[in-house]
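In what follows, a structure is listed as structure tokens, so that the remarks can point back to it.
The values are calculated or read from the model by the stated rules, or taken from the named source; none is laboratory data. The model shown is predicted, which means the values in this text are computed figures rather than measured ones. Using ideal geometry, Cβ is built from the backbone for each residue, glycine included, and neighbour counts are taken over all protein chains shown. Side chains are part of the model used for accessible areas, which takes the heavy atoms of the whole protein and leaves out ligands, DNA and RNA. Shrake-Rupley method; radii C 1.70, N 1.55, O 1.52, S 1.80 Å.
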Amino acid sequence: MKIGFIGLGIMGNPMVKNLLQSDFEVTVFDLNKEAIQRLVEVGAKAGTLKEMAQKSDVVITMLPKAEHVWDVLQKPEGIFANAHPGLAVIDMSSIGPTDAREIAQAAADFGIETLDAPVSGGEPKAKDGTLSIMVGGKAETFEKYLPVFQGMGKDIVLIGDHGSGVTAKLANQIIVNLNIAAVSEALVLAAKAGIDLEKMYQAIRGGLAGSTVMDAKIPMILDRNFKAGGAISINLKDLTNVMQTAHDLDVPLPLSSQLLEIFHALKADGKQTLDHGGIVQYYEKIANVVAKRSED
């Protein structure tokens, strides 16, 4: 199966590498030419959007925002205008359900099947090929391209029709980011009280408070490692989509709305490129304390 892959950032790069290791033929495109070259060196082919539309069996998009997805699909040299019969598009970006459904409808006008298939797990799971993948679209399209998903992920679930995958991702982002915020509040409280944060973590991680988020983020926070696996800027975008969707559905989300404001405060403070574990820095600043490992 020939795959076109658009978007070679923190997530796209390792996802392509795993597809190559699964013996797929992958053609890549990104505005960053160095990102393309890094993947060409490990077996990918460089190509234009037009070439992908004409020669690929499926085109995958992994882009920051819905506007970027629309751009590569709709521009004259893009996917829709140059698609061959039978082409499919899988959008693995984190966008809103309205855009996902509108993309599906626009693609159908060109005879193109689509799936919205955002992921969870961040850079670590993108690297080891164990991403959780939430899919929206037709069951027969999902079954046809399941081997492609299996080349990148582990827990792969068809949620429902178009838009269902990205809606599940929005729910995921609420849980993940509020969990990080709760961990941050707890760490800052403990730091201000002067207790050993590593020992506290070891004491509570096996209890009801324990979580995958806690195990992923507390060691990073204590080591002051905020290299982005999931940047604050990306999660700010996701929480914005969460609130827009919630407003459309008349669903009040008071905790998520407050966290969105915290993300905006972090952005205003120049921290938008940090990992979302950097939420802790908002709490550290207002409490005048730093959550870090105790010095021996």
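Would you check if there is a residue in region 222-230 being in contact (Cβ under 8 Å) with a residue 40 or more places away in the chain and over 19 Å from V183 (Cβ atoms)?
no
From the set of residues in region 28-41 that are more than 17 Å from V69 (Cα to Cα) and open to solvent by less than 80 Å² (accessible area, probe 1.4 Å), which is nearest to the chain's Cα centre (by Cα)?
Looking at residues that are more than 17 Å from V69 (Cα to Cα) and open to solvent by less than 80 Å² (accessible area, probe 1.4 Å), I get A35.
Residues are listed down the side, and each one gets a yes or a no for (1) under 20 Å from the mean Cα position of the chain (by Cα); (2) assigned to a loop (DSSP other than H, G, I, E, B):
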| site | (1), (2) |
| --- | --- |
| V251 | no, yes |
| L255 | no, no |
| I262 | yes, no |
| K267 | yes, no |
| Q272 | yes, yes |
| G278 | yes, no |
| Q281 | no, no |
| I286 | no, no |
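Any idea which of L208, L239 is in a loop (DSSP other than H, G, I, E, B) and of a type in the set (A, V, I, L, M)? Quick ask: steps written out before the conclusion?
Working: L239 fails: in a loop (DSSP other than H, G, I, E, B).
None of the others qualify; the one that does is L208.
Report whether or not M220 is in contact with a helix residue (DSSP H, G or I) (Cβ under 9 Å, 6 or more places away or on another chain) and open to solvent by less than 30 Å² (accessible area, probe 1.4 Å).
Working: in contact with a helix residue (DSSP H, G or I) (Cβ under 9 Å, 6 or more places away or on another chain): yes; open to solvent by less than 30 Å² (accessible area, probe 1.4 Å): no.
For M220, the condition - in contact with a helix residue (DSSP H, G or I) (Cβ under 9 Å, 6 or more places away or on another chain) and open to solvent by less than 30 Å² (accessible area, probe 1.4 Å) - is not met.
Sort out which residues of region 73-90 are surrounded by fewer than 23 Cβ atoms within 10 Å (Cβ to Cβ) and assigned to a helix (DSSP H, G or I), and write them in order of number. Step through it out loud before you land on a result.
If we filter region 73-90 for residues that are surrounded by fewer than 23 Cβ atoms within 10 Å (Cβ to Cβ), which is where we start, we get 74-78, 80-86, 88.
Within region 73-90, Q74, F80, A81, N82 meet the criteria.
When you go through V290, V280 one by one, which is the residue that is open to solvent by less than 40 Å² (accessible area, probe 1.4 Å) and at pLDDT 95 or above?
Numbers: V290 fails: open to solvent by less than 40 Å² (accessible area, probe 1.4 Å).
After ruling out the rest, the residue left standing is V280.
Which residues, counting only those in region 240-280, are of a type outside the set (A, V, I, L, M) and touching a Gly at 6+ places or on another chain (Cβ under 7 Å)? Walk me through it before giving the result.
Narrowing region 240-280 to residues of a type outside the set (A, V, I, L, M): 240-241, 244-245, 247-248, 250, 252, 254, 256-258, 261, 263-264, 267, 269-273, 275-278.
Within region 240-280, N241, Q244, T245, K271, D275, H276 qualify.
Would you check which residues across region 42-71 are among the β-branched types (V, I, T) and open to solvent by less than 10 Å² (accessible area, probe 1.4 Å) and list them? Before the answer, list the steps.
Within region 42-71, the first condition is being among the β-branched types (V, I, T), and the residues that meet it are 42, 48, 58-61, 69.
Of everything in region 42-71, those that are among the β-branched types (V, I, T) and open to solvent by less than 10 Å² (accessible area, probe 1.4 Å) turn out to be V58, V59, I60, T61, V69.
So in region 158-203, with the set limited to residues that are among the β-branched types (V, I, T) and open to solvent by 80 Å² or more (accessible area, probe 1.4 Å), which one is farthest from the chain's Cα centre (by Cα)?
Quick first cut of region 158-203, residues among the β-branched types (V, I, T) only: 159, 166-167, 174-176, 180, 183, 188, 195.
Still in the list and also open to solvent by 80 Å² or more (accessible area, probe 1.4 Å): 159, 175, 195.
Numbers: I159: 17, I175: 14, I195: 34 Å.
Result: I195.
Considering only residues of region 117-139 that are open to solvent by 10 Å² or more (accessible area, probe 1.4 Å) and farther than 15 Å from V16 by Cα, which is nearest to the chain's Cα centre (by Cα)?
Once the filter is applied, the top-ranked residue is S120.
Could you please give the count of residues in region 104-138 that are at pLDDT below 95 and touching a strand residue (DSSP E or B) at 6+ places or on another chain (Cβ under 6 Å)?
Residues that pass the stated criteria total 3.
Out of all the residues in region 140-156, which are open to solvent by 40 Å² or more (accessible area, probe 1.4 Å) and touching a strand residue (DSSP E or B) at 6+ places or on another chain (Cβ under 6 Å)?
The one that is open to solvent by 40 Å² or more (accessible area, probe 1.4 Å) and touching a strand residue (DSSP E or B) at 6+ places or on another chain (Cβ under 6 Å): D155.
Which ones in region 2-42 are over 14 Å from A126 (Cβ atoms) and assigned to a strand (DSSP E or B)?
Of everything in region 2-42, those that are over 14 Å from A126 (Cβ atoms) and assigned to a strand (DSSP E or B) turn out to be K2, I3, G4, I6, E25, V26, T27, V28, F29.
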